[in-house]
Amino acid sequence: MSTSSDSSPVTRAEIVSALNSFGLLTGAGVMVHSSLKSFGRVEGGALAVVAALMEVVTPEGTLLMPSFNHDEPFHEAGPGYYDPRETPTSNGAIPDAFWRLEGVLRSLDPTHPVAAWGRDARRYTEYHHRTLTMGPLSPLGMLAAAGGYGLLLGVSYGANTFHHVVEMSTGAPCLGQRSEAYPVHLQDGRVVLGRTWGWRGGTCPITDRTRYAPAMFAVQRQVQIGACTATLFRLQDCYDIIAPLLRDGMDQVPPCSRCPIRPRRVPQTVPSDWDAENQRPLPDSVAWTY
């Protein structure tokens, strides 16, 4: 169903109505990936989309968005640090408006911080810097364990960060476990070297190329909001689809265990501080100091 004509802007009320129509309920936990341009025009812009999402989920639920910088601040022209109070996100206008709002919390992963609002916002973000960037105890990993959802607003499964949670939770060897370190400015004035994952040195033919997407069609729900196609799915359903593909491979693509891709090496690459046996940073990790 379409909630707006091509010539008129989409309103906050229309967004709320559409989200309610396909089952995003009060009290839900949801990770949103989005494109403001996909709507056509929105009356009130990015903030209207955020307000609509908050109205639907309510403070009894939890709204999460990526506030990733994809290591851009650490390039030659960047400031050289991540500061949760000032570093913009490169994930688009909607999440960049979201993380700046009062009451929204932001995690301390230096390249892939998550922004959250609502009931479990603090629990999901508070110790992101002490776990794997996209592991089972990351914000998205915890959201999935709590029965949470993924919502794609005008973007494809290529934007679905959760597939990286499946990778790290199943031990994909192409992702470094806390093997890159970058300066993080803390609220108390300290600067620490925060850990994040080591991105892979190649393209995953299953997740990066979203070969799993056709299998999601059976478990997703969709609604049209102006020109935007909104897609809702349970994160656990996504896990159940992707994990066997990574374990067994698909078509001519080998499983993770036989894939030659390994983490990249960059100037910020350091020995991992992750205690895999106990699933926490090593005792001497700087992560324990903040």
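It is to be established whether one or more residues within the stretch 215-231 are open to solvent by less than 20 Å² (accessible area, probe 1.4 Å) and either assigned to a loop (DSSP other than H, G, I, E, B) or touching an Asp or Glu at 6+ places or on another chain (Cβ under 7 Å) (or both). Yes, the stretch 215-231 has at least one match.
Listed by first and then second residue, the pairs linking a residue in the stretch 5-16 that is modelled with pLDDT of 95 or more to a residue that is among the β-branched types (Val, Ile, Thr) and assigned to a helix (DSSP H, G or I), with Cβ atoms under 9 Å apart and 6 or more places separating them unless they lie on different chains, are 10/49; 12/49; 15/49; 15/56; 16/56.
When the helices (runs of 4 or more DSSP H) confined to the stretch 1-114 are screened for residues that are open to solvent by 10 Å² or more (accessible area, probe 1.4 Å), touching a Leu at 6+ places or on another chain (Cβ under 7 Å) and over 28 Å from residue 200 (Cα atoms), those reaching at least 1 such residues are found at 45-57, 93-99.
Count of the stretch 232-273 residues, restricted to those that are of a type outside the set (Gly, Ala, Ser) and assigned to a loop (DSSP other than H, G, I, E, B), is 16. Within the stretch 270-279, does at least one residue satisfy the condition of being more than 30 Å from residue 75 (Cα to Cα) and under 22 Å from the mean Cα position of the chain (by Cα)? Scanning the stretch 270-279 turns up at least one residue that is more than 30 Å from residue 75 (Cα to Cα) and under 22 Å from the mean Cα position of the chain (by Cα). All but one of (1) under 18 Å from the mean Cα position of the chain (by Cα); (2) not in a strand (DSSP E or B) hold for residue 173; state the number of the condition that does not hold. Single failed check for residue 173: (1). How do the pairs read when you match residues in the stretch 145-171 that are hydroxyl-bearing (Ser, Thr, Tyr) with residues anywhere that are part of a helix (DSSP H, G or I) and open to solvent by 10 Å² or more (accessible area, probe 1.4 Å), using Cβ under 6 Å and keeping only pairs 6 or more apart or on different chains? Sorted first by the residue in the stretch 145-171, then by its partner, the pairs are 157/213; 170/243. Would you say residue 210 is modelled with pLDDT of 95 or more, of a type in the set (S, T, N, Q), open to solvent by less than 10 Å² (accessible area, probe 1.4 Å) and within 19 Å of the chain's Cα centre (by Cα)? Against the criterion (modelled with pLDDT of 95 or more, of a type in the set (S, T, N, Q), open to solvent by less than 10 Å² (accessible area, probe 1.4 Å) and within 19 Å of the chain's Cα centre (by Cα)), residue 210 does not qualify. Listed by first and then second residue, the pairs linking a residue in the stretch 30-42 that is over 30 Å from residue 146 (Cα atoms) to a residue that is part of a helix (DSSP H, G or I), with Cβ atoms under 8 Å apart and 6 or more places separating them unless they lie on different chains, are 42/15; 42/36; 42/48; 42/49.
Residues are listed down the side, and each one gets a yes or a no for (1) surrounded by fewer than 24 Cβ atoms within 10 Å (Cβ to Cβ); (2) of a type outside the set (Gly, Ala, Ser):
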site: 120; (1), (2): yes, yes
site: 127; (1), (2): yes, yes
site: 155; (1), (2): yes, yes
site: 171; (1), (2): yes, no
site: 187; (1), (2): yes, yes
site: 194; (1), (2): no, no
site: 205; (1), (2): yes, yes
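Residues that are over 23 Å from the mean Cα position of the chain (by Cα) and part of a helix (DSSP H, G or I) within the stretch 280-290 comprise 286, 288, 289, listed in sequence order. Here residue 247 fulfils each of the conditions (1) open to solvent by less than 30 Å² (accessible area, probe 1.4 Å); (2) in contact with a Cys (Cβ under 9 Å, 6 or more places away or on another chain) apart from (1).
If you go through the stretch 198-220 one residue at a time, do you hit one that is in contact with a strand residue (DSSP E or B) (Cβ under 9 Å, 6 or more places away or on another chain), closer than 23 Å to residue 279 by Cα and not basic (Lys, Arg)? The answer is yes; a qualifying residue exists. Restricting attention to the stretch 204-214, the residues that are among the acidic types (Asp, Glu) and in a helix (DSSP H, G or I) add up to 0.
The residues of the stretch 42-88 that are polar (S, T, N, Q) and closer than 23 Å to residue 165 by Cα, listed by number, are 62, 67, 69. The residues listed here are 119, 123; of these, the one that is out of contact with any strand residue (DSSP E or B) (no Cβ under 6 Å at 6 or more places or on another chain) and either modelled with pLDDT of 95 or more or not hydrophobic (A, V, I, L, M, F, W, C) (or both) is 123.
The values are calculated or read from the model by the stated rules, or taken from the named source; none is laboratory data. This one's a predicted model, so the numbers in the text were calculated from it and none came from an experiment. Backbone-built Cβ (ideal geometry, glycine too); neighbour counts: all protein chains shown. Just so you know, the surface numbers come from the protein's heavy atoms only, side chains and all, with ligands and any DNA or RNA stripped out. Shrake-Rupley method; radii C 1.70, N 1.55, O 1.52, S 1.80 Å.
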